[in-house]
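*Asks:* Have a look at this one before I ask anything.
Bear in mind that the values in this text are calculations on the coordinates, not laboratory data. Just so it is clear, the structure is predicted and the values come from calculations on it, not from any experiment. Every residue, glycine among them, receives a Cβ derived from its backbone with ideal geometry; neighbour counts consider all protein chains shown.
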């Protein structure tokens, strides 16, 4: 039985761990050849090694996705290696400093916006143009539940993720007629090393905000991303999909 992305060429940014790694592994499981874009070479290499160990095809491209030129280099490398780009997931991001808006510094604001919003724009721009060369494709941008709600001490992160949702809708309108679908996924607090680093009492408070009374799993996010990247979602574009254990239902 072939996967839903059999022989597709996929690109995942920030795929060295957490949600990004889970997405890259799921893409490979679904039959895609996967380019792993990661600023941390050893982490990215570990993801590629897992892909290859499972029988898939992976390629590590070390890149800083805050830079426009790096996205051009990413696309050039993918096209040189595999000839086209069918699927892309813009996952790279940081939480940034968690401080009240009134004391957030220029640097704290800018470092989050540069990666979480501007970096996604640079990625989408380069990916769209690559996909147009082969008749279309699918892009999934990783937003957050904070793409639809606020959260204290996260002004930069929340603003950036709201921006990702708006960017997603706009690009979907612009390039739908040319066969490029663009959607956003909004994970809740998901079980990653970031969650593990929180004190137990803080984890308990966060879990209580979710009607399902647990954190999300990276594999659950990856499953949704894989669906939206596949032809099973061929009539879905410009949408924002929370995967949040009921968080936004409140």
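*Asks:* Using only Cα atoms, find the angle between the long axis of helix 68-82 and the longest principal axis of the chain, and express it within 0 to 90 degrees, rounded to the nearest 10.
*Replies:* 40 degrees
*Asks:* Using alpha-carbon pairs under 8 Å, 6+ residues apart, how would you state the relative contact order of the chain in percent?
*Replies:* Over the chain, the number comes to 19 percent.
*Asks:* If you fit an axis through the alpha-carbon atoms of helix 41-53 and take the longest principal axis of the Cα set of the chain, what angle between them do you get, 0 to 90°, nearest 10?
*Replies:* Value to nearest ten degrees: 60.
*Asks:* Let me ask another. Go ahead and set up a Gaussian network model of the chain, Cα springs under 10 Å, then flag whichever of 216, 83, 14 fluctuates most.
*Replies:* Highest fluctuation among the options: 83.
*Asks:* Any chance you could give the angle, 0 to 90 degrees and rounded to 10, that helix 155-175 forms with the longest Cα principal axis of the chain?
*Replies:* Helix 155-175 sits roughly 30 degrees off the main axis of the chain.
*Asks:* With the chain treated as a Gaussian network of Cα nodes joined by springs under 10 Å, which of 115, 132, 74 yields the largest mean-square fluctuation?
*Replies:* 132
*Asks:* If segment 85-147 were replaced by its equivalent ellipsoid, with semi-axes equal to the square roots of 5 times the Cα gyration tensor eigenvalues, what would those be, largest first, whole Å?
*Replies:* For segment 85-147, the semi-axes come out at 30, 11, 7 Å.
*Asks:* Just checking my list (i) 52, 48, 35; (ii) 48, 36, 35; (iii) 65, 41, 31 against Cα extents along the principal axes in Å computed from this structure; which label fits?
*Replies:* Matching entry in (i) 52, 48, 35; (ii) 48, 36, 35; (iii) 65, 41, 31: (ii).
*Asks:* Using 0.36 nm per residue of separation minus the Cα-Cα distance, give me the extension gain between residue 80 and residue 67 in nm, one decimal.
*Replies:* The span from residue 80 to residue 67 would gain 2.6 nm if fully extended.
*Asks:* Another question about this same structure. Extending each Cα 7 Å along its Cβ direction at residue 214 and residue 235, get the distance between those two points in nm, one decimal.
*Replies:* Between residue 214 and residue 235, the label points sit 3.3 nm apart.
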